[in-house]
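The values are calculated or read from the model by the stated rules, or taken from the named source; none is laboratory data. As the structure is a computational prediction, the values presented were derived from the model and not from experiment. As a convention, Cβ positions derive from the backbone with ideal geometry for all residues, glycine included, and neighbour counts pool all protein chains shown.
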Amino acid sequence: MENTPLLYDPAVFVVGRDYQIIFLTETRGLGWIEIEGERYTDEEAGLLYYGTVHKIPVTGDVLNRARAYTVVFVEYADKKPYYPEGIEKVRRKYVFRPLEGEKYRIFHFADTHARTKTPLELYERTGDCDLIVLNGDINEHSYEIENFHTAFILASGSAHGERPVIYSRGNHDTRGYAAQDLVNYIPTAFRGGRRETFYSFRQGSLWGLVLDCGEDKYDTNVEYGGTILFDTFRRRETEYLRSVIANKAEEYEADGVKTKIAICHVPFVEHFQFPFDVADDVYEEWTRLLDEIGIDLLLCGHMHRAYLIPAHTAEKRNASFPTAVCSIPGVKDEDGGEHYVGGLIEVDGGHRVVKYIPGGEDWTF
Ligand SMILES: [Fe+2]
């Protein structure tokens, strides 16, 4: 973006019925969102956050009604203990189109592994979608904080700050020194004193779950050098799924819900072989809980392949829902180039299809 510290269009992430609008700036300062004259900030303990990452919680009903928001950034070259001085550098209005009604399209990016050009070329060819999903392994790893820009380049290049975005973390995103800082750059739910990367969401007639498997091998694997504790994390996630079922009247049985999807980087209905056979008992339980919820589709990446697992497929976990695995980072073309394979969900009333693109056939679910 020329002549502005705003690096990309903001990403309007969906969490629950609300949004978390995140935008990055080249210089340090304070950022906030204005909707119909009301100011929404990242204030915590009375302080507006000073820095280059601005994560602003916004009430869903308010933005859905207003259908527009204004991004404001005030640059402070320094934040002195006395008399810091700010200069307003950004005040930009965006229209916003929430997913509404029963006819919509969802675009699925996963396993881009730091690519942005070929995935966005695919999006361009596909045409505008109502909801964008970033489903993990957007980068190779989290060893450099700059890697986190990739998700914003993809969100900005597809949603343009005007459409809602779902973010689901992948196993590669958990690797490297900056992995612990990723929660500042992505939407999170706050529970029990922690920022969590799994939660439900609601957009129009669509209800969904964002799930996070964490790493794909045992916590004790030498590759991680003792830095992770996903066993504990996944058990907390199981408890969360049980709490969603206990609260179903306000979750998936709420008025107007027509379609229920779960989004998870790893297709945990697969039986993986050692050393990838981690959390077998947990994934059996998640499959059972998603059955109880009556999930219509599980949408995944991770495998660098594109295929559908129908409900009750032999040699998979016995799920009553189908799983669509829809992402291949780079498919070689005859001319020596490569293209990206992503996923597309199209809903038109009771008619619902998912397919990998390009080249996939419609799978009804
Ligand atoms: Fe992966």
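Anything in the stretch 103-133 that is of a type in the set (Phe, Trp, Tyr) and either surrounded by fewer than 18 Cβ atoms within 10 Å (Cβ to Cβ) or within 15 Å of the chain's Cα centre (by Cα) (or both)? List them, or say none.
Initially, the stretch 103-133 is screened for residues of a type in the set (Phe, Trp, Tyr), giving 104, 107, 109, 123.
Once the filter is applied, which keeps residues that are of a type in the set (Phe, Trp, Tyr) and either surrounded by fewer than 18 Cβ atoms within 10 Å (Cβ to Cβ) or within 15 Å of the chain's Cα centre (by Cα) (or both), the stretch 103-133 yields Phe107, Phe109.
In the stretch 203-238, what residues are of a type in the set (A, V, I, L, M), within 16 Å of the ligand (Cβ to nearest atom) and more than 18 Å from the chain's Cα centre (by Cα)? Talk me through it step by step, then tell me what you get.
The initial filter retains those residues of the stretch 203-238 that are of a type in the set (A, V, I, L, M), namely 206, 209-211, 222, 228-229.
Add one more test, that the residue is within 16 Å of the ligand (Cβ to nearest atom), and what stays is 210-211, 228.
Answer for the stretch 203-238, where residues must be of a type in the set (A, V, I, L, M), within 16 Å of the ligand (Cβ to nearest atom) and more than 18 Å from the chain's Cα centre (by Cα): just Ile228.
Of the residues Val244, Val325, which single one is of a type in the set (Val, Ile, Thr), in contact (Cβ under 8 Å) with a residue 24 or more places away in the chain and touching a Gly at 6+ places or on another chain (Cβ under 9 Å)?
Val325
Out of the residues in the stretch 279-309 that are farther than 17 Å from Val210 by Cβ and within 16 Å of the ligand (Cβ to nearest atom), state the one that is surrounded by the most Cβ atoms within 10 Å (Cβ to Cβ).
Ala279
Select the strands (runs of 3 or more DSSP E) contained entirely in the stretch 304-348, then report the ones holding at least 1 residues which are assigned by TED's automatic domain parsing to the domain that holds Glu284 and among the polar types (S, T, N, Q).
323-326
Rundown of residues vs (1) surrounded by fewer than 16 Cβ atoms within 10 Å (Cβ to Cβ); (2) more than 16 Å from the ligand (Cβ to nearest atom); (3) under 17 Å from Gly170 (Cα atoms), yes/no style:
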{"residue": "Tyr240", "(1), (2), (3)": "no, yes, no"}
{"residue": "Val244", "(1), (2), (3)": "no, yes, no"}
{"residue": "Ala249", "(1), (2), (3)": "yes, yes, no"}
{"residue": "Gly256", "(1), (2), (3)": "yes, yes, no"}
{"residue": "Ala262", "(1), (2), (3)": "no, yes, yes"}
{"residue": "His265", "(1), (2), (3)": "no, no, yes"}
{"residue": "Phe268", "(1), (2), (3)": "no, no, yes"}
{"residue": "Phe272", "(1), (2), (3)": "no, no, yes"}
{"residue": "Asp277", "(1), (2), (3)": "yes, no, yes"}
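Using the structure shown, decide if Glu285 is in contact with a helix residue (DSSP H, G or I) (Cβ under 6 Å, 6 or more places away or on another chain) and either under 19 Å from Trp207 (Cα atoms) or outside the structural domain of Leu120 (by TED's automatic domain parsing) (or both). Don't jump to the end; show me each part of the working.
On the way: in contact with a helix residue (DSSP H, G or I) (Cβ under 6 Å, 6 or more places away or on another chain): yes; either under 19 Å from Trp207 (Cα atoms) or outside the structural domain of Leu120 (by TED's automatic domain parsing) (or both): no.
Judged against the criteria, Glu285 is not a match.
Each row is one residue, and each column tells you yes or no for (1) within 15 Å of the ligand (Cβ to nearest atom); (2) within 27 Å of Gly330 (Cα to Cα).
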{"site": "Tyr143", "(1), (2)": "no, yes"}
{"site": "Leu154", "(1), (2)": "no, yes"}
{"site": "Gly176", "(1), (2)": "yes, yes"}
{"site": "Phe201", "(1), (2)": "no, no"}
